[in-house]
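Nothing in this text is a laboratory measurement; each read-out follows from the coordinates by a stated rule. Here the structure is a predicted model, which means the values were calculated and not measured. Please note: Cβ atoms are built from the backbone with ideal geometry, for glycine as well, and neighbour counts cover all protein chains shown.
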Amino acid sequence: MRKNSDGAGIYKLKKLSKPPRHLKVAEAAIFMKLFIFFVILISSFAFANGQEKPPETDKPKAGSFRKPLEEIQKPKEPSADRIDLSYDDGCGNPLGESQIYSYRYGKVIAVTDENKIVVKVLRSNNVSDEEYDKADNETRRMLKQAQLFTVSLVGIDETINQSEIKRFLLEKVFEQDVILIGNAKKDNNKKLDALVKLTSGGEIDEVSRYLLEKGIAKFKEFQLTNLVPLRTACELKRAEAKAKAEKSGIWAK
């Protein structure tokens with residue numbers, strides 16, 4: 001220290017020297033560590049956000065024809081045009097029949113002593129209007145000719161409770177329009193074992209089933225393979241079982 005003219009002390013500051021090289025290296029290392037830490041931190045946040053975002057695997061990309069996952073996993077409803085062969089009402093599936101049966105439209109004109117019915121069938125009633133229009137005069141004449149069929153009611157024992165069966169046929173079936181369902185045993189055979197359905201739309205639908213269900217007649221086993229629908233015997237037995245359970249008609253005793 002030196003004094004000035006007034007005797008005051010003068011301090012001369014010593015110029016600081018540059019920081020040592022090893023301090024610069026330490027500072028650079030710290031900066032690098034901080035930089036790496038921030039990079040890792042930002043990457044972690046980005047990864048976490050990506051994990052929380054709902055997957056888009058079920059959403060088709062633009063221009064893609066792939067169906068959404070919900071649509072693929074959704075149970076398919078049965079098509080109205082598709083026959084459900086798994087249906088069973090206890091007598092099988094009514095739509096599962098592979099055999100084709102004849103349907104004849106006619107009118108009941110008589111009831112025999114053996115409780116059979118005589119049905120007058122016009123062939124023209126059993127062809128489409130288009131077929132009739134296309135037919136020549138000779139074919140049309142033939143189609144207008146009546147055919148008489150003597151029909152036995154399928155599954156009915158005609159020897160039991162005869163008077164009640166005849167009374168029913170005369171009161172409820174005689175002079176009614178009917179549909180005969182069944183195939184003839186031979187071509188041009190005018191004797192049929194058939195199901196008889198009334199077309200009036202009243203309480204009585206199929207005659208044999210009604211007779212059994214009301215206890216008017218008794219069921220009779222039959223062998224008519226390929227002549228009437230396969231489920232016929234099952235349906236008729238079920239109708240008779242109902243009459244027995246309710247003690248109707250002949251089962252009341």
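Give the long-range amide H neighbours of residue 110: residues separated by 5 or more places, or on another chain, with amide H under 5 Å away, using H modelled in the peptide plane at 1.01 Å from N. Sorted by chain and number, the residues that satisfy this are 118, 175.
Close amide H contacts of residue 122 (hydrogens built in the peptide plane, cut-off under 5 Å, sequence separation of 5 or more or a different chain): 147. Annotation for residue 32 and residue 184: the two label points, set 7 Å from Cα along the Cα-Cβ direction, are 10.9 nm apart.
Here each label is just a point 7 Å from Cα along the line to Cβ, and for residue 171 and residue 134 those points are 4.7 nm apart.
Per-residue 3J(HN,Hα) values for the range 239-253, derived from phi via the Karplus relation 6.51 cos²θ - 1.76 cosθ + 1.60 with θ = phi - 60°, read 5, 5, 4, 5, 5, 5, 5, 8, 6, 8, x, 5, 8, 6, 6 Hz in sequence order (x marks Gly and Pro). Over 25 Å apart at the Cα level, from the set 190/242; 197/242; 107/242; 197/253; 185/220; 116/214, are 190/242; 107/242; 197/253.
What the phi angles of the range 139-146 give under the Karplus curve with 6.51, -1.76 and 1.60, with θ = phi - 60°, is a coupling list of 5, 5, 4, 5, 5, 7, 6, 7 Hz, glycine and proline written as x. Distance from the C-alpha centroid of the range 176-247 to that of the range 149-172: 11 Å, rounded to the whole angstrom. The packing ranking, built from the mean of other Cβ atoms within 10 Å per residue, places the peptides 154-167, 101-114 in the order 154-167, 101-114, highest first.
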